[in-house]
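Since every read-out is calculated from the coordinates, none of them should be taken as a lab result. Quick caveat, the model's predicted, so the values are computed rather than measured. Cβ placement follows ideal geometry from the backbone for every residue including glycine, while neighbour counts extend to all protein chains displayed.
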Amino acid sequence: MKYEAVIGLEVHAELSTKSKIYCSCSTGFGAPINTHTCPVCTGMPGALPVLNKQVVHYAAKMGKATGCTINQLCKADRKNYFYPDLPKAYQISQFDVPICENGEVFFYVDGVKHSCRLERIHFEEDAGKLLHDEIDGTIVDFNRCGVPLIEMVTRPDLHSSAEAKEFLEMIKTTLSYLDICDCKMEEGSIRCDVNVSIRPEGSTELGTRVEMKNINTFSGAVRAIDYEIARQIEVVENGGEIQQETRRWDDVKLKNTVMRTKEDAQDYRYFPDPDLIAVEISDEWLHQIESEVPELPITRYERYLNEYGMTAMEARLLSDSFEKAELLDAAAKQVKPKAAANWILSDISKYLNDKGVSLRETKMTADKLVALVKLIEAGTISGNAGKKVLPSMFETDETVEAIVDRMGLKQVSDEGAILAIVQDVIAKNEKAVADFKAGKNVTGFLVGQCMKASKGQGNPQIINKLIASELAKL
Ligand SMILES: [Zn+2]
């Protein structure tokens, strides 16, 4: 029998606010243990939470970017469970009235457009971290306790690990476009839980689902999903039944094991947090939030394909980075998109990678890129000279023209001056002339000699042209 996998995801993203969701402690990563703590985030009796407004702003922004309805009146609820990383023994989350509902995320898998509906986005606080390995015993670090999260819950619209991966990539790109999450996977800024079930192909009923928790990488999600689909098929083929349970994915051993069986929302005994008032988002605030949502990555991707005539790979690489896409679009108003894109995809990306910096940390601007492209197109400098100019464009406030002057990179396009060089080179290379007369192609060699003689500053097109005319005279 053929089976279809049905996959739903719960994606947690840490919001890049400076302070925690219900207290003023820092959200900075990597501090010594328990130094970003206070009575509120360590759950001391009598300590009162105060909601960080930025969290609401960021959560609603993600809702707007994913086509959700925003509940302008929502509330915080206590989700009760006992675990040592949660000092209050409840997490402040949102239950029946989340801030965002009914969205949809679009993405491409192998050139085919897919979509996955979002059931909801809510905000909540992160738990602390248990460190098991450092000493004999366990350390509880509450630095992460109270760091704001949004949880995005999908409908079960995904059907393969490849779809799940592209969906997750799109969520990540969208978060970075909105500048609401640092998206540092290695620091656990985006994590996901995966729900997997299978059903006979063609069936519309949902099978019993198995949840896998706390997957830290997208490639780990792919492995976990593929493993679980195969495991479920094997169970069913052998006459067994799938149990509703939570399994722990081990990305080192590449297998999962049972963590706990069936758990439902009622087990958490949600109730409205009596310490917090309802959250109200005014129309004015909502309009403000909406106005901050930029053109989305998928829209840009499609525009780069259709309007700029780029390949899928180029469009993807450029639209994946908000900064690069912004640079491209600004430059494309003045020069051919392809010319600007080539610089961004090659030398500009290489510089950023090598230096480990983002565009906004440099002095590169669209105007500078435009100036560079125009100087090359006009033949004022060669493409090679352009590469030499580039580092100064990142590092100084000089105009591109000033850098070119300072570095003496202006191309010689004066035909009289180049003709003298060409004639001199031909006179000095008797063997090449003999080869030419014997029918060999010596143009490349002579161009190289002329470039050398002009210290790389001769305009290669003019050199080519003059060599051809001079050889023709022989
Ligand atoms: Zn605190």
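In sequence order, region 315-322 has phi-based couplings of 4, 5, 4, 6, 6, 5, 10, 4 Hz under the Karplus curve 6.51 cos²θ - 1.76 cosθ + 1.60, θ = phi - 60°, and Gly or Pro positions carry x.
Among L466, L419, the ranking by other beta carbons within 10 Å of each residue's beta carbon, starting with the fewest, stands as L419, L466. Between K75 and V97, V279, the built amide H atoms are under 5 Å apart, and every one of these is 5 or more places off in sequence or on another chain. Quick check on region 42-142: take the gyration tensor over C-alpha atoms, sort the square-rooted eigenvalues as a ≥ b ≥ c, and tell me if it's rounded (a/c under 1.5), prolate or oblate. In terms of gyration-tensor shape, oblate. For the chain, adding -39500 (n - 2.57) for each run of n ≥ 4 DSSP H residues and dividing by the number of residues yields -11500 deg cm²/dmol at 222 nm.
For each of I281, I198, count neighbouring Cβ atoms within 10 Å of the residue's Cβ, then give the residues from fewest to most. It would help to have the intermediate numbers written out before the result.
Numbers: I281 19, I198 25.
Taking fewest neighbouring Cβ atoms as first place, the list is I281, I198.
Shown in residue order for region 430-441 are the 3J(HN,Hα) couplings computed by the Karplus curve 6.51 cos²θ - 1.76 cosθ + 1.60 at θ = phi - 60°: 4, 5, 4, 5, 4, 4, 4, 5, 7, x, 7, 8 Hz (x for Gly and Pro). Rg then Dmax, both in Å and based on the Cα atoms of the chain: 30.0, 99.
Between helix 161-178 and the chain there is an angle of about 80 degrees, using the helix long axis and the longest principal axis of the Cα atoms. On the basis of the beta-carbon distance and an R0 of 35 Å, H132 and D110 show a calculated FRET efficiency of 0.30.
Using the structure shown, list the pairs from K113/K172; K53/K363; K64/K172; K368/K465 with a Cα-Cα distance above 21 Å, or answer none. Listed pairs above 21 Å: K53/K363; K368/K465. For region 398-430, the residues whose amide N sits under 13 Å from a probe point set 7 Å from the Cα of L474 along the beta carbon direction are 423-430.
The slack between R360 and E401, meaning 0.36 nm per residue of separation minus the straight C-alpha distance, is 12.6 nm.
Under a point-charge model restricted to the Cβ atoms of Lys and Arg (+1) and Asp and Glu (-1), what is the dipole moment magnitude of the chain relative to its Cα centre, in debye to the nearest 20?
On the way: 57 positive and 72 negative charges, 386 e Å.
Magnitude of the dipole: close to 1860 debye.
Each semi-axis of the equivalent ellipsoid for region 297-407 is √(5λ) with λ an eigenvalue of the Cα gyration tensor; in descending order they amount to 23, 16, 11 Å. Here the dipole of region 212-263 is about 260 debye; that uses its Cα centre as origin and unit charges on the Cβ of Lys and Arg (positive) and Asp and Glu (negative). Taking amide H as placed 1.01 Å from N in the peptide plane, the amide H of Y270 sits under 5 Å from that of N80, each at least 5 places away or on another chain. Farthest toward the positive end of the dipole of region 232-374, out of P337, I281, V293, is the Cα of P337, where the dipole comes from beta carbon charges about the Cα centre.
Give, rounded to the nearest 20 debye, the magnitude of the charge dipole that region 147-232 has about its Cα centre when Lys and Arg contribute +1 at Cβ and Asp and Glu contribute -1 at Cβ. Before the final figure, lay out the partial values.
Working: 10 positive and 15 negative charges, 42 e Å.
Dipole size: approximately 200 debye.
Computed from backbone phi, the HN-Hα couplings of region 380-397 come to 5, 10, 8, x, 5, 5, x, 4, 6, 6, 3, x, 5, 5, 6, 9, 10, 8 Hz, rounded to whole numbers (Karplus: 6.51 cos²θ - 1.76 cosθ + 1.60, θ = phi - 60°; Gly and Pro given as x). Normalised by the number of residues in the chain, the mean separation of alpha-carbon contacts (under 8 Å, six or more apart) gives a relative contact order of 14 percent. Taking H as built 1.01 Å from N, whose amide H comes closer than 5 Å to the amide H of N34, not counting residues under 5 places away? Under 5 Å from the amide H of N34: F142, N143. Once you place label points 7 Å from the Cα toward the Cβ at R248 and Q334, how far apart are they in nm? Placing both labels 7 Å along Cα→Cβ, they lie 5.8 nm apart. Once the Cα-Cα distance is subtracted from the 0.36 nm per residue extended length, the S291 to D367 segment shows a gain of 24.8 nm.
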